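Below is one structure, written out as C-alpha cells; comments come after it.
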Amino acid sequence: MLRSLALLALVAVACDSSSTTPAKPAQAEAAKAAPAEPKPSPAAADGPVIEHTVETLDGGQQKFTELRGKAILVVNTASECGFTPQYAKLQELYGRYKDRGLVVLGFPSNDFGGQEPGDAAQIKDFVASKFAVDFPMMNKVHAKGPEIAPIYKTLTEETPEGIRGEVKWNFTKFLIDPNGHVVARFESPVDPLAPEVTSAIEKALPAAG
C-alpha cells in the first residue's frame with residue numbers, strides 16, 4: 001500500500017510540473033472539450049478579407065492592410081492561464097519565421113476565466129519580463145460575447161465553415177494568408193510549434209522574391 005501511495009504521489013508531482021501555471025478546473029474542461037486538430041478551410045478564398053484596424057498595447061494603431069503580403073497568426077492571450085507558457089513558443093515561432101514574412105499578433109483578453117486582469121502596462125511588463133516577447137501585442141479585447149471586438153466578430157462569425165465558431169478559450173490561433181484570408185484555426189491545446197501549425201504557416205508564407 002505504501003509503495004502504491006508513493007507511486008501516485010510521483011505521478012501527481014509530474015503532472016503538476018507540466019506547466020508553470022496550474023490549469024484551473026475550467027481550463028482542464030476546455031482542454032478536454034477543444035479539438036486538437038487544426039481547422040483548415042478549403043473555401044478560404046471565399047471568406048472575408050481581414051481589413052480591420054486595431055489598437056496596439058502602446059495605444060497606437062495597427063492596420064491589417066499594412067500587413068498585406070505577410071502571413072499573420074492572431075492569438076488571444078492571457079497572463080494567468082495554464083496555456084500562458086505558449087507565449088514562449090509563440091516567440092520562438094515568430095523568431096523562426098519573421099524574416100520569411102510571418103507576423104504574430106497577441107490580443108490579450110479577460111473573457112476566459114478572468115485570466116487577463118491586468119492593464120496595458122502590466123501586460124506589457126509581464127510578457128517582456130517573463131517571456132521576452134517582441135512580437136506585436138494589441139490592446140485588450142473581447143474575443144466573444146455582446147462586446148466582441150470587430151476583428152473577432154469577423155474571425156468567428158464571417159469565416160468559412162470549419163474555421164468560424166466562438167472562441168472557446170485562451171490561446172486560440174487563427175492563421176491569415178498574405179491576401180488577408182483566414183486559412184486555418186488551431187485550438188488552445190495545440191502547441192504553437194506543433195507540426196500542423198508550422199506546416200500551415202510554411203504554406204501560408206509569402207513566396208520568396
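Overview of results
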| read-out | value |
| --- | --- |
| Order of 99, 125 - criterion: other Cβ atoms within 10 Å of each residue's Cβ, fewest first | 99, 125 |
| Cα gyration tensor shape for segment 42-131, rounded if a/c is under 1.5, else prolate or oblate | prolate |
| Listed pairs 89/130; 70/130; 98/144 exceeding 21 Å between Cα atoms | 70/130; 98/144 |
| Relative contact order (percent, whole number), segment 25-204, Cα cutoff 8 Å, 6+ residue spacing | 35 percent |
| Dipole of segment 25-204, positive end: most advanced residue of 167, 133, 149 [Cβ charges, Cα centre] | 133 |
| Prolate/oblate/rounded call for segment 25-204, Cα gyration tensor, a/c under 1.5 rounded | rounded |
| Within segment 25-204, percent of DSSP bridges classed antiparallel, to nearest 5 | 60 percent |
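Read-outs throughout are calculated quantities, based only on the coordinates presented, and are distinct from any laboratory measurement. What you are looking at is a predicted structure, and each value in this text was computed from that prediction instead of being measured. Counting neighbours? That spans all protein chains shown, and the Cβs are built from the backbone with ideal geometry, glycine included.
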